[in-house]
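The values are calculated or read from the model by the stated rules, or taken from the named source; none is laboratory data. Everything numeric here is computed off the predicted structure, so don't read it as measured data. Cβ placement follows ideal geometry from the backbone for every residue including glycine, while neighbour counts extend to all protein chains displayed. Areas reflect the complete protein model, heavy atoms only, side chains present, ligands, DNA and RNA absent. Shrake-Rupley method; radii C 1.70, N 1.55, O 1.52, S 1.80 Å.
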Amino acid sequence: MRTYHCLPLFIWTYMFYTVDAIPLQGKANSDLPSKRMMSLTKDGGKMLHRTKRGWMWNQFFLLEEYTGTDTQYVGKLHTDQDKGDGNLKYILTGDGAGNLFVIDENTGDIHAAKKLDREEKSLYILRAKAIDRKTGRQVEPESEFIIKIHDINDNEPKFTKDLYTASVPEMSGVGTSVIQVTATDADDANYGNSAKVVYSILQGQPYFSVDPESGIIKTALPDMSRENREQYQVVIQAKDMGGQMGGLSGTTTVNITLTDVNNNPPRFPQSTYQFNSPESVPLGTHLGRIKASDPDVGENAEVEYSIAEGDEANVFDVITDKDTQEGIITVKQNLDFENKMLYTLRVDASNTHLDPRFQHLGPFKDTAVVKISVEDIDEPPVFSKMSYLIEVDEDVKEGSIIGQVTAYDPDATNNFIHYSVDRHTDLDRVFSVHAENGSIFTLKPLDRELSPWHNITIIATEINNSKQSSHIPVFIRILDINDHAPEFAMYYETFVCENAKPGQLIQTVSVMDKDDPPRGHKFFFEPVPEFPLNPNFTIVDNKDNTAGIMTRKDGYSRHKMSTYLLPILIFDNDYPIQSSTGTLTIRVCACDHQGNMQSCSAQALALSAGLSTGALVAILLCVIILLVLVVLFASLKRQRKKEPLIISKDDVRDNIVTYNDEGGGEEDTQAFDIGTLRNPEAREDSKLRRDVMPETIFQIRRTVPLWENIDVQDFIHRRLKENDSDPSAPPYDSLATYAYEGNDSIADSLSSLESLTADCNQDYDYLSDWGPRFKKLADMYGGDESDRD
């Protein structure tokens, strides 16, 4: 890359304007001298003066990419207030002030401290002012000026892509557009020719060309063939400075592909093809393949094969393999060596997608001759038909001939044929075939209702070569003979209401017949000849193979007759006529007003005289509910009796047993033995619990007398063990407490129960001295005998 420098041209233009800042009240002082002089010089040039306060500078121009050794000089800031004594100070602010642009505060000279790049920033806005060093007063208003960076040609053109890919159809005319390439230049397009790009082709001639201004690549040669050359690589150059000497340039590569068009017809590599085929090949067998080559690709190379019109077109066919573009010769009809030994076909190969632009090049098809030789082989017998259908009446006698099959040997030897039945198709051996003439006859009676069709297979085998055999299906249809009588189609549960009226329809019956007459079924209904006139019911033939049963009298009684049997004679109209008698059972039932049956049994008659069914069900439910309540009440009462005296299961402290009944007083000595409680040496017998009624009477066991072991601890342990092993004891989460005071106690007992064993009365007067809490006891025991009485 080359950089060219030219001398900067600075054009300074100064615009002067007057700034009035005098308030209204200071009009009287407006005539005071207030003019100042400010100038900006360049390289000691002529000083420009202004006579009004304030300034405005136009833009300065600097060259980018300055490579000199010294800083680049911009200009000089000067005011007429500067006497050269150093009292004024020049200040520069704005874009890049201090780092890019520096000012000599004494002289006002402005320099560019660094190299500038227009592509990074092309414009700088700065402000300059001058102040008095002693007073700090601004002697001139702040002025704004612009430094604009001039462009140089330091950027080469760059394409938007490093590699372009394009395509154009083959056989295109000269000047056909292929693709457009674009290059951009980062230099200033408005300044000089640095950004003016011109395109040229470096590689790819004489096949392609490029427009120098637009960058459009076009074809330069006519009728370029893809079959000769498909890929082209073109190198395009973009050069700035309008393509002049010294301009910068960039290149890109364009890969161009010629796409295919259908400009080539298919061609067979040879004019004649030869194939051999045995005469016994199945239909659809592939005999061989032929292929016509087409230098085109894709759908332009697709070929369709066909056989020219003629007799051979009915015997053979050709199909196209879409994957390999080959023609496959197949067999369309059975071949016969004895009939024809050689076939000659004309096969055409043509393109399926034609391009009208190239039809003048000739017909886009080719023709080849295909010869097929038929080879003679030993063929199996051939039946005269593809299949046989035989119809026979089902009443045919055993051994009767019902039909015949015929086969022959297609070979010139004309061997004799042997016929047989494939027993896999006739497991019951109902039919057989005559081995020499192919006559089919029956071996067993036939029944159409059991099996209306029989499908058997007949085998024809050459006598001289048992390996040569053929099979033929024979379909035998059994024709119907009227040999079954009609009968009821289903079992009918018929009833008649006791309150039925004459002429009321109570049942419609239909019949079925296993036979299948060709004209369809037709049935008739009549009373049996023994009872031509039934006094209770009438049989009405509906003429549609159904009959209606009508009531004949007013009202029926279950007491007199609960069931009626009505015989019906049913016969058809086929030959010979078949008939049967069906008996209809009719029950007499009780019905509601709408005719809905309620009950038909005699036992229900007695129940219906009392309560209805709903009432009986309600009574039964009430009885069940009462029984459940009684059982629950008995269970709760029994559980309440067994409930122990200890109510709380969680309380393991001393429990108070509450009886809630009034005892017999002090005279009642049967409730418990107070003496035993007070005397630990007394003999104790095991007694049954009084708080819970035992379920089983346990054997009374003797306990060890207390006097044998006076140790209180042993006594308590023994009692605990007895309670643990006693099944009638309180629940295990209860606590049985034994509190034994001992024989001698200094405290007297307050219980009145002690009167049972005391010899004399005690004095309770001291209770009056214990305070109001014992007043009740003092009143009860502290008075004299007359008061107590």
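Condition first: in contact with a strand residue (DSSP E or B) (Cβ under 9 Å, 6 or more places away or on another chain) and open to solvent by 30 Å² or more (accessible area, probe 1.4 Å). Now tell me which residues in the range 352-372 satisfy that.
T352, P363, K365, D366, T367, V369, K371
For the range 390-417, give me each residue that is out of contact with any Lys or Arg (no Cβ under 9 Å at 6 or more places or on another chain), within 27 Å of D378 (Cα to Cα) and part of a loop (DSSP other than H, G, I, E, B). Answer for the range 390-417, where residues must be out of contact with any Lys or Arg (no Cβ under 9 Å at 6 or more places or on another chain), within 27 Å of D378 (Cα to Cα) and part of a loop (DSSP other than H, G, I, E, B): D409, P410, D411, A412, T413, N414, N415, F416. Tallying residues that are touching a helix residue (DSSP H, G or I) at 6+ places or on another chain (Cβ under 9 Å) and either free of Cβ contacts under 8 Å to residues at least 12 places away in the same chain or assigned to a loop (DSSP other than H, G, I, E, B) (or both) within the range 355-389 yields 2.
Inspect all residues belonging to the range 600-617 and state whether any of them is more than 20 Å from A485 (Cβ to Cβ), of a type in the set (S, T, N, Q), loosely packed, with under 11 Cβ neighbours inside 10 Å and at pLDDT below 85. Yes; the residues of the range 600-617 include at least one that is more than 20 Å from A485 (Cβ to Cβ), of a type in the set (S, T, N, Q), loosely packed, with under 11 Cβ neighbours inside 10 Å and at pLDDT below 85. When the criteria are applied in full, V234 meets the requirement of being crowded, with 17+ Cβ neighbours inside 10 Å and assigned by the TED database to the domain that holds I201. Looking only at the range 194-214, decide whether some residue is at positive phi and touching a residue at least 60 places away in the same chain (Cβ under 8 Å). No; the residues of the range 194-214 include none that is at positive phi and touching a residue at least 60 places away in the same chain (Cβ under 8 Å).
Residue-by-condition table, conditions (1) within 17 Å of L342 (Cα to Cα); (2) at pLDDT below 90; (3) assigned by the TED database to the domain that holds R357; (4) assigned to a loop (DSSP other than H, G, I, E, B):
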position: G284; (1), (2), (3), (4): no, no, yes, yes
position: R289; (1), (2), (3), (4): no, no, yes, no
position: N300; (1), (2), (3), (4): no, yes, yes, no
position: E304; (1), (2), (3), (4): no, no, yes, no
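Checked against (1) within 30 Å of K322 (Cα to Cα); (2) open to solvent by 90 Å² or more (accessible area, probe 1.4 Å); (3) modelled with pLDDT under 90, R346 passes all but condition (3).
Filtered by the rule that a residue be more than 30 Å from L77 (Cα to Cα) and either surrounded by fewer than 14 Cβ atoms within 10 Å (Cβ to Cβ) or among the acidic types (D, E) (or both), the range 143-157 gives D154, E156. Taken over the range 103-135, the criterion of being of a type in the set (V, I, T) and under 21 Å from I149 (Cα atoms) is satisfied by I103, I110, I125.
Checked across the range 242-259, the condition of being in contact (Cβ under 8 Å) with a residue 40 or more places away in the chain, within 30 Å of L345 (Cβ to Cβ) and either within 57 Å of the chain's Cα centre (by Cα) or in the same structural domain as H353 (by the TED database) (or both) holds for no residue.
Scanning the range 305-318 for residues that are surrounded by 15 or more Cβ atoms within 10 Å (Cβ to Cβ) and within 18 Å of T272 (Cα to Cα) yields Y305, S306, I307, E312, A313, F316, D317, V318.
Looking at K196, K161 in this structure, which one is open to solvent by 40 Å² or more (accessible area, probe 1.4 Å) and under 51 Å from the mean Cα position of the chain (by Cα)?
Criteria check complete, one pass: K161.
Restricting attention to the range 436-445, the residues that are open to solvent by less than 40 Å² (accessible area, probe 1.4 Å) and touching a Lys or Arg at 6+ places or on another chain (Cβ under 6 Å) total 0. Take the conditions among the hydroxyl-bearing types (S, T, Y), part of a strand (DSSP E or B) and open to solvent by 30 Å² or more (accessible area, probe 1.4 Å) and apply them to S420. Does it pass? Yes; evaluated as a whole, the condition is true for this residue.
Considering the range 244-303, and only residues there that are farther than 28 Å from N314 by Cα and hydroxyl-bearing (S, T, Y), the residue that is surrounded by the most Cβ atoms within 10 Å (Cβ to Cβ) turns out to be T252.
Of all residues in the range 576-587, those satisfying the criterion of being over 15 Å from V528 (Cα atoms) and loosely packed, with under 12 Cβ neighbours inside 10 Å are P576, I577.
Each residue in the range 496-517 was checked for being closer than 17 Å to L566 by Cα and without any contact (Cβ under 8 Å) to a residue 40 or more places away in the chain, and 1 of them qualify.
Out of the residues in the range 172-186 that are over 15 Å from S214 (Cα atoms) and in contact with a Leu (Cβ under 9 Å, 6 or more places away or on another chain), which is modelled with the lowest pLDDT?
Among those that are over 15 Å from S214 (Cα atoms) and in contact with a Leu (Cβ under 9 Å, 6 or more places away or on another chain), it is S172.
Restricting attention to the range 319-343 and to residues that are basic (K, R) and more than 13 Å from I307 (Cβ to Cβ), the residue that is surrounded by the most Cβ atoms within 10 Å (Cβ to Cβ) turns out to be K340. The residue pairs whose first member lies in the range 582-596 and is in a loop (DSSP other than H, G, I, E, B), whose second member is open to solvent by 20 Å² or more (accessible area, probe 1.4 Å), and whose beta carbons are closer than 8 Å, counting only pairs six or more residues apart or on different chains, are D592/Q598. Residue pairs whose Cβ atoms lie under 9 Å apart, sitting 6 or more positions apart in sequence or on different chains, and linking a residue in the range 324-353 that is within 14 Å of F275 (Cβ to Cβ) to a partner that is outside any strand (DSSP E or B) and among the aromatic types (F, W, Y), are V347/F268.
If the condition is being of a type in the set (D, E) and open to solvent by 40 Å² or more (accessible area, probe 1.4 Å), then the range 446-484 contributes D447, E449, D483.
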